[in-house]
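**Q** Take a look at this one; I'll ask things after.
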Amino acid sequence: MSAEDRLERLWTPYRMSYVRGEEADSGVAEADACPFCRIAAGGAQSGGAQAGGAQSGLVVHRGATAFVVLNLYPYNPGHLMVVPDRHVADYTDLDAAETAEVATLTQRALTTLRAVSQPHGFNVGLNLGGVAGGSLSQHLHQHVVPRWSGDANFMTVIGQTKTLPQLLEDTRDLLAAAWPQED
């Protein structure tokens, strides 16, 4: 008989199809299944709710080869993602123009968030591959998450509830209005 390990278990059997990769075998074309590809196909203007569905309305800025969009499930208010238009999984798959634009848009995202929200810091990064935390790992995207002292409070830690003081659409409008003009 083994000793009790005193760990609590959170059972999530509904995730097993995701772990097995069964969702990827749904018969839906990859580009149709990818929300970032739907947003990229949505056109040149910012904020339109074209082919990308609900999240297309959260586009803050569109560049020549990439766009900036609010995360539909943000960690914090203003949680942005910088996404190349092209469906690639790895950072090394980007061409020189895409790499430059992703870097430039990330810098502009930081500048804009500082102007609009005055965060105390940022988490900026890529999750390459599903095991690294990338829930949409087949389409590269860089997270830009503003952070404030105490933003992980008792509601998040104890109540497992994230409180967001601003609607996504309002956040998008503020960020799009403050987005730096092209050089």
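The values are calculated or read from the model by the stated rules, or taken from the named source; none is laboratory data. Quick caveat, the model's predicted, so the values are computed rather than measured. Because the Cβ atoms are built from the backbone with ideal geometry, glycine has one as well, and the counts that use them run over all protein chains shown.
**Q** Of the residues 140, 175, which is surrounded by 20 or more Cβ atoms within 10 Å (Cβ to Cβ) and in a loop (DSSP other than H, G, I, E, B)?
**A** 140
**Q** Can residue 183 be described as at pLDDT below 90 and crowded, with 17+ Cβ neighbours inside 10 Å?
**A** No.
**Q** Checking residue 156 against (1) in a helix (DSSP H, G or I); (2) modelled with pLDDT under 90; (3) in contact with a Phe, Trp or Tyr (Cβ under 7 Å, 6 or more places away or on another chain), which single condition isn't satisfied?
**A** Of the numbered conditions (1) in a helix (DSSP H, G or I); (2) modelled with pLDDT under 90; (3) in contact with a Phe, Trp or Tyr (Cβ under 7 Å, 6 or more places away or on another chain), the odd one out for residue 156 is (3).
**Q** Given the options 88, 116, 60, 69, name the one that is part of a helix (DSSP H, G or I) and touching a residue at least 24 places away in the same chain (Cβ under 8 Å).
**A** Every option except 116 fails the conditions.
**Q** Another question, if that's okay. Whether any residue in the range 132-139 is free of Cβ contacts under 8 Å to residues at least 12 places away in the same chain, among the polar types (S, T, N, Q) and within 21 Å of residue 35 (Cα to Cα) is what I want to check.
**A** Yes, some residue in the range 132-139 is free of Cβ contacts under 8 Å to residues at least 12 places away in the same chain, among the polar types (S, T, N, Q) and within 21 Å of residue 35 (Cα to Cα).
**Q** Also, I was wondering about something else. Among the residues of the range 70-82, are any among the β-branched types (Val, Ile, Thr), within 18 Å of residue 35 (Cα to Cα) and either touching an Asp or Glu at 6+ places or on another chain (Cβ under 9 Å) or modelled with pLDDT under 95 (or both)?
**A** Yes; the residues of the range 70-82 include at least one that is among the β-branched types (Val, Ile, Thr), within 18 Å of residue 35 (Cα to Cα) and either touching an Asp or Glu at 6+ places or on another chain (Cβ under 9 Å) or modelled with pLDDT under 95 (or both).
**Q** Something else about it: Do you know which residues across the range 84-123 are under 17 Å from the mean Cα position of the chain (by Cα), surrounded by 14 or more Cβ atoms within 10 Å (Cβ to Cβ) and farther than 19 Å from residue 182 by Cβ?
**A** Within the range 84-123, 86, 87, 88, 89, 91, 122 qualify.
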